[in-house]
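**Q** This structure is in structure tokens; I'll ask about it shortly.
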Amino acid sequence: MRKTGRTLLQIAICTLAALFPGNLGAHNSNATPEAQTQKKNSKKITTRTEPLFGEKLKKVEIKSNKLKGACFYLVSGHGGPDPGAVNKYNGHELHEDEYAYDVTLRLARRLMEEGAEVRIIIQDKNDGIRNATYLKGSKGETCMGTAIPLNHQARLRQRTNKINALYAKDKNRFKYIRAIFIHVDSRSTGTNIDVHFYHAKNSKNGKRTATAIRDMFEAKYRKHNPKRGYNGTVSVHPKGLYVVNRTHPASVLIELANIRNNRDLKRIILEDNRQAMANWMSEALIKDYQGKK
Ligand SMILES: [Zn+2]
């Protein structure tokens, strides 16, 4: 157990102010549905539309081309008939898949803003980016429009096959492709666990990208809350992870928190924390991509 002077929320708020000027949603309010490219203050603004982000956030202003040439497959864990890890907290039922999905969408939007191509593999057309603390569970998620099977193996095979089919076409078009899987862990209640990362055994690029994100989290915590410490690890999962091992592009699986630990939970239930994690991940991915070019 660590003692913390400040909560992650406080850190996240000051981080958000630094990383994300303006609140979420306000920055693309000049986008119009008709125009893909328009003039704003005599500067050319390009926007793209992603309805999965929800009505208010579906217009994405492309702010830079830092990630031009990079393609990401973003995959939130579980979904459809499988909520993943579940915990009761304050009278609410928390489902892993909903929180993982929200962070995944936030990451997708940040990467798009920097010019990346993003393929959102698990989708829920009814849930955009949500600000609530308690995200309502649903079974509406699909694998890019196809129903998700209940059977565990079939479910993992479905998303792996989808990614590999996309990769077969994308690999000649992009210089850098990564699959990122986002989960929330379930350990015993007392276990407080930092954001940690898995890569496939012999994947140099998977390890490199996982380490880039880990190091970014460490730097952010050190900067915003030096006393906290950060023990997030990068490793090969001892039992092996089907999706990480079988997807053809280099991949990273991220565990955000332990859903059964009350302190850890704050990292996923507070909207600002979900956004801060997405911001840190995207900043790390920019660094990783630029170092690779
Ligand atoms: Zn999971």
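The values are calculated or read from the model by the stated rules, or taken from the named source; none is laboratory data. Being a predicted model, the structure only gives us computed values, none of them experimental. As a convention, Cβ positions derive from the backbone with ideal geometry for all residues, glycine included, and neighbour counts pool all protein chains shown.
**Q** Could you please tell me which pairs satisfy a Cβ distance under 6 Å, a separation of 6+ or placement on different chains, a first residue in segment 250-270 that is within 26 Å of residue 202 (Cα to Cα), and a second residue that is assigned to a loop (DSSP other than H, G, I, E, B)?
**A** Listed pairs, sorted by first residue: 250/203; 252/199; 253/241; 256/195.
**Q** Only one residue in 273, 261 is assigned by TED's automatic domain parsing to the domain that holds residue 84 and either in contact with a helix residue (DSSP H, G or I) (Cβ under 6 Å, 6 or more places away or on another chain) or within 21 Å of residue 67 (Cα to Cα) (or both). Which one?
**A** It is 273.
**Q** Let me ask another. Quick one: which residue in 85, 116, 70, 154 is at pLDDT below 95 and of a type in the set (A, V, I, L, M, F, W, C)?
**A** 85
**Q** Is it the case that some residue within segment 146-153 is assigned by TED's automatic domain parsing to the domain that holds residue 75 and within 30 Å of residue 63 (Cα to Cα)?
**A** No, that holds for no residue.
**Q** Conditions first: (1) assigned to a strand (DSSP E or B); (2) touching a helix residue (DSSP H, G or I) at 6+ places or on another chain (Cβ under 7 Å). Residue 267 passes all but one, so which condition is the exception?
**A** (1)
**Q** Ok, one more. So which residues in segment 62-107 are more than 30 Å from residue 291 (Cβ to Cβ), within 16 Å of the ligand (Cβ to nearest atom) and assigned to a loop (DSSP other than H, G, I, E, B)?
**A** Scanning segment 62-107 gives 78, 80, 81, 83, 84, 85.
**Q** Against the condition more than 13 Å from the ligand (Cβ to nearest atom) and of a type in the set (A, V, I, L, M, F, W, C), how does residue 122 come out, does it pass?
**A** So residue 122 does not fit the description; no.
For (1) part of a helix (DSSP H, G or I); (2) among the basic types (Lys, Arg); (3) touching a strand residue (DSSP E or B) at 6+ places or on another chain (Cβ under 9 Å); (4) within 14 Å of the ligand (Cβ to nearest atom), each residue gets a yes or a no:
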{"position": "223", "(1), (2), (3), (4)": "yes, yes, no, no"}
{"position": "227", "(1), (2), (3), (4)": "no, yes, no, no"}
{"position": "230", "(1), (2), (3), (4)": "no, no, no, no"}
{"position": "239", "(1), (2), (3), (4)": "no, yes, no, yes"}
{"position": "243", "(1), (2), (3), (4)": "yes, no, yes, yes"}
{"position": "248", "(1), (2), (3), (4)": "no, no, yes, no"}
{"position": "251", "(1), (2), (3), (4)": "no, no, yes, no"}
{"position": "256", "(1), (2), (3), (4)": "no, no, yes, yes"}
{"position": "260", "(1), (2), (3), (4)": "no, yes, yes, yes"}
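**Q** Filter segment 158-201 down to the residues that are within 16 Å of the ligand (Cβ to nearest atom) and of a type in the set (D, E, K, R) and list them by number.
**A** 159, 185, 187
**Q** Still on this model: Can you say whether residue 32 is modelled with pLDDT of 90 or more and out of contact with any helix residue (DSSP H, G or I) (no Cβ under 9 Å at 6 or more places or on another chain), as far as the supplied structure shows?
**A** In short, no.
**Q** In the list 161, 151, 126, which residue meets the criterion of being within 30 Å of residue 292 (Cα to Cα), surrounded by fewer than 19 Cβ atoms within 10 Å (Cβ to Cβ) and without any contact (Cβ under 8 Å) to a residue 40 or more places away in the chain?
**A** None of the other options fit; the residue is 161.
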